[in-house]
Each structure stands twice: as structure tokens, then as C-alpha cells.
Amino acid sequence: MHTQKPLLPDTARRTAAWCGVVLLVTGVAAVAIWLCIVFKTAITPVLLALLGTALLGPVHRWLIARKLNRSLAAGLTCAALVAVVGGAGYIVVTALIDTGDQIVSSLKDAGQWVVDHFGIADETNVNSLADNAKTFVEKFGASAAGGLLSGISLVGSLLATSVLALLLTFFFLRDSDRAVNLAHSIAPRGTGELVEAMGRRGFEAVEGFMRGTTFIALIDALCITVGLLILDVPGAVGLGALVFVGAYIPYLGAFISGAVAVLVALADRGLVIALWALGVVLAVQVLEGHVLQPMIQSRTVQMHPAMIMIALTAGASVAGLLGMLLAVPLCAAAFGVIGELRKGYGGPSGTPSDRPDRPGPSGSSPEPSPGA
């Protein structure tokens, strides 16, 4: 019997199939991002609460191990978060207010030094640049601020988002033991174990990122602050606080905060001290990249620096500074989920592979497959 010859060769049909998959995934991702932007008022507190839960999870588990009630443990953990964040915020704001004028003046002097030593036009000076910048801000800032209604409205929105995120963090911590049952209830039949494993791996990636980044940021800030204090650079505490905050935005935050510290040292103490400050910043960055990152975040999902930069750019284009803050942990979670998915469907038949070493939600072994 004569069989009809396919219209397209096998390679073309495979390529078309993969193109269809890519278009489908891209469309789903675009719709998901669009929905997040539309419902950002509700999505933002949820994402911030997930980051807070990932950071505070070990503390909550430690309190539970001491036989505390889950609600009481979650309340104490959230109270500790408020105390730590409030205290750190007070220290940072106070340091920046006390040294802000000095830092701005030093940056202005540094800009004038660059103008004088690099042959820029005589008519150009920092004051005219500052005036032009002020005019630019006044011209375009009014239209940007018009959408905010007023400063009080912005502060109220931030406060409401923070309170909602704190309440969600409390509920996420208190009811974290129900997440396994939820995963099994919403998963398609026969995939509960895989969905649970994906959720665990994604959350572990976010938890490791938050815990490791906080520890690394603290070490970076302390080392740079001590170095700037030894060099007698003005505003060392405020610059150290800037380093700590900037560390949550990989690469870009460290670059900006380090550049500000070097410029302040250049303006106030001269070229030699500025070079020493640059050496301190570079030494801390080398310590972070070659010692702290491998030691502290070795158990989390490792991403290539190029992927991190792409994630930061995409996050900034979608949600500005908040998007840059959330981009890397979300990508870490996505990579963790993809890795677990590949392991789950790594069997020869394309079905979730058996995991005898992974207990079920109640501590028992996974149920045998229907064909066993």
C-alpha cells in the first residue's frame, strides 16, 4: 500500500513544533507579567511577603522546635522583623541625614575635579551642570509626580503595602505546614509529589538567596565602613549603609555604592586616599566574589552573571527599583523549579521518575505508580 509522503521533512516539523512551544511559553509568560502589572497593588505585598517568609523561615522553625505555638512563633518572628528593619532603617536614615550634605558637597567637588583635570570646556562647571539638572528635574518631575496625587498619598501607599506584606508574612509563616497539602490538592492526579518537590526547590532557592545576600551585605557594609573610617573619609557610616542596601541588587548596587564612596574620598581627601578607597572596595568585591558567594550561597541556584544582568534589566523595565529587587530571587526560584522539573521528568518514558529517597507529605514513602 502506498503511503503519502509528508509535506515537510522531519527536521522542519520538529523545528515547527519547538517554535510552537516557544511561542506558547512566551505568550503565557507575557500574560502572566501583564496580570502582575495590572494587579501590582495585590501582587507586590505577596512577593514581598514571600521574600520575608524566606528570610524569616529559619527563625520561625527554631521557635517551633522550642515548642512554641505556631501563631505565637509567627507573631514573635514578625515582631523581630519590625524591630530589626525599623532599627536598621532608623540607623541608615539618621546616618544619611547627618552626613548627606557632606556627601553631596564631596560629590560636587569630585565632579569639579573631573572637569578641571580632564580638559572639559572652560564654560562647563559643576554648578551649571547642577542648575541644568535641577531644570531638567523641574521640567519632567512635575509630570511624573502628577500621577502620584501627592507625597502623602505615596507615603500612605507604601505604608499600606508594608503593613499588608507584614500581615501576609505572618500568615505564610503560621500556615506553612499546610503548603504541602495545598500542593497535592491543586496538582493534577499523579503529579502531587513532583509539584511538592518543585515548590520546595523554588522556595529553598529564594530562602538561600535572601539569607545569603543579607549575610554578605552585612559583611560588605562592615568591611567598607571600617576601611573608610580608617581612611577618614567623611560620611563613612552613611556610605556603609548605602553599600548594605545596594547589596540586594547584585553587581549594579555594589558598583554604584562603591563608586560613590570613591568619589567622596577623591573630593575630600585627594587622589591618593581615593585610590586607597578604590582598593578597599575592590578588595571587598573580590572577597565577596571568590570567598563569600561560594561559601554562603553554594547550596542555592547558581546563575551566570550575564543571566543576572538580563534579569535586572527586565525587572527594571517592568517595575523599576522594585523589579530589580525581585528579579534575581524570582529567577533563582524559576531555575530551581526547572531543575526539579527536569529531574522529575528525567525518566526514559517521559513520566515523573521514582524518588525512593523523598518521603511523602506525611513522612511515608511515595505511592507506587499505577503500572507498578
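The values are calculated or read from the model by the stated rules, or taken from the named source; none is laboratory data. Predicted, not measured: the structure shown is a model, and the values here were computed from it. When we count neighbours, we look across all protein chains shown, and the Cβ atoms used for this are built from the backbone with ideal geometry, even at glycine. Each accessible area value is taken on the protein alone, full model and side chains, heavy atoms only, with ligands, DNA and RNA left out. Shrake-Rupley method; radii C 1.70, N 1.55, O 1.52, S 1.80 Å.
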From the residues in segment 320-343 that are touching a helix residue (DSSP H, G or I) at 6+ places or on another chain (Cβ under 7 Å) and among the β-branched types (Val, Ile, Thr), which one is least open to solvent (accessible area, probe 1.4 Å)?
328
Members of segment 244-264 found to be modelled with pLDDT of 80 or more, open to solvent by less than 10 Å² (accessible area, probe 1.4 Å) and farther than 16 Å from residue 324 by Cβ, listed by number
258, 261
Say whether the condition of being surrounded by fewer than 21 Cβ atoms within 10 Å (Cβ to Cβ) and of a type in the set (Gly, Ala, Ser) is met by at least one residue in segment 230-238.
no
May I ask you to verify whether residue 315 is at positive phi and under 18 Å from the mean Cα position of the chain (by Cα)?
no
Selection from segment 166-217 of residues that are more than 20 Å from the chain's Cα centre (by Cα), surrounded by fewer than 19 Cβ atoms within 10 Å (Cβ to Cβ) and within 30 Å of residue 244 (Cβ to Cβ)
167, 171, 176
So which residues in segment 176-198 are without any contact (Cβ under 8 Å) to a residue 12 or more places away in the chain and within 22 Å of residue 68 (Cβ to Cβ)?
178
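With respect to residue 154, determine if the residue is modelled with pLDDT of 70 or more and either open to solvent by less than 60 Å² (accessible area, probe 1.4 Å) or within 26 Å of the chain's Cα centre (by Cα) (or both). Talk me through it step by step, then tell me what you get.
Numbers: modelled with pLDDT of 70 or more: no; either open to solvent by less than 60 Å² (accessible area, probe 1.4 Å) or within 26 Å of the chain's Cα centre (by Cα) (or both): yes.
Considered against the rule, which asks whether it is modelled with pLDDT of 70 or more and either open to solvent by less than 60 Å² (accessible area, probe 1.4 Å) or within 26 Å of the chain's Cα centre (by Cα) (or both), residue 154 comes out as no.
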